[in-house]
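Asks: This is the structure I have questions about; it appears just below.
No value in this document is a laboratory result; all are computed from the given coordinates. It should be emphasised that the depicted structure is a prediction, and the values quoted were computed from it without experimental measurement. Virtual Cβ from ideal backbone geometry, glycine too; neighbours counted across all protein chains shown.
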């Protein structure tokens, strides 16, 4: 299969939709009663959140709710502590995206900081491989290079490249009665139940985009959007529908 496509002038089946603006990305679906959520990231690298003053933000027009308790959400880190800069510590929900973004800037957060270490070569840096991906070794590179009949030892310099995704990080979670529907740009996330459909039409994230701030902002969106949307019920909606973007 690979040999039949490598080097061939093949067209991307989704190309015409993207370059003509007709591709509908996750955040562009017209969901009734949509509520917009903005993540608030920690501004310290390590420690705990002592307090979050939400009074000014809650008084801002359009703000519906501010969520700071993530204990019911399964995240790949301990949400009770600040483990890295940018870790979500609150979610601001508002009628419009602009209202949610501005209200997020009005939160007053007090931290209790603890010492952090970001230099892996520091003498105090202790090795600690992840439990799910232990260290391993394979072969002997030094011996292979010494025994090789030819070797190349050069230094290459390349210009910096920045790639920008066509689809921004976003998730819509919509509850109708007890039925959840997700529209998300993230391809690796799986809904808790197979009965809940998930739509990821284009998945235009680009791995480099996620790697920059892997767990700080982008990845938790489906995890936080799902329960938050269920807790926010908009008045006058006969289908008991709530949505979060």
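Asks: FRET efficiency for residue 97 and residue 118, Cβ-Cβ distance as r, R0 = 30 Å, nearest 0.05?
Replies: On the way: r = 32 Å, r/R0 = 1.08.
After rounding to 0.05, the efficiency reads 0.40.
Asks: Which three lengths, in whole Å and largest first, does the stretch 72-140 cover when its Cα atoms are put on their principal axes?
Replies: Principal extents (largest minus smallest coordinate, Cα): 59, 25, 23 Å.
Asks: Next question, about the same structure. Using Cβ contacts closer than 10 Å as the measure, can you line up 105, 151 from fewest to most?
Replies: Working: 105 12, 151 9.
Lowest to highest Cβ neighbour count: 151, 105.
Asks: Which order results if 71, 174, 157 are arranged by neighbouring Cβ count within 10 Å, fewest first? Could you put the intermediate results ahead of the total?
Replies: Working: 71 7, 174 23, 157 4.
In order of increasing Cβ crowding within 10 Å: 157, 71, 174.
Asks: What's the ranking of 20-28, 126-134, 60-68 by average number of surrounding C-beta atoms within 10 Å, highest first?
Replies: Values: 20-28: 14.2, 126-134: 6.6, 60-68: 16.7.
Taking the mean over residues of other Cβ atoms within 10 Å, the ranking is 60-68, 20-28, 126-134.
Asks: If you don't mind, another one. Provide 175, 183, 85 in ascending order of the number of other Cβ atoms located within 10 Å of each residue's Cβ, fewest first. Let's see the in-between values first.
Replies: Details: 175 22, 183 25, 85 15.
Lowest count first: 85, 175, 183.
Asks: Working out 0.36 nm times the residue gap between residue 65 and residue 52, then minus their Cα-Cα distance, what length gain in nm do you get to one decimal? Could the numbers behind the result be given before it?
Replies: Details: separation 13, 0.36 × 13 = 4.68 nm, distance 1.36 nm.
That works out to 3.3 nm of additional length.
Asks: Please compute, for the alpha-carbon atoms of the stretch 26-145, the extent along each of the three principal axes and give them in descending order in Å.
Replies: Cα extents, longest axis first: 67, 38, 26 Å.
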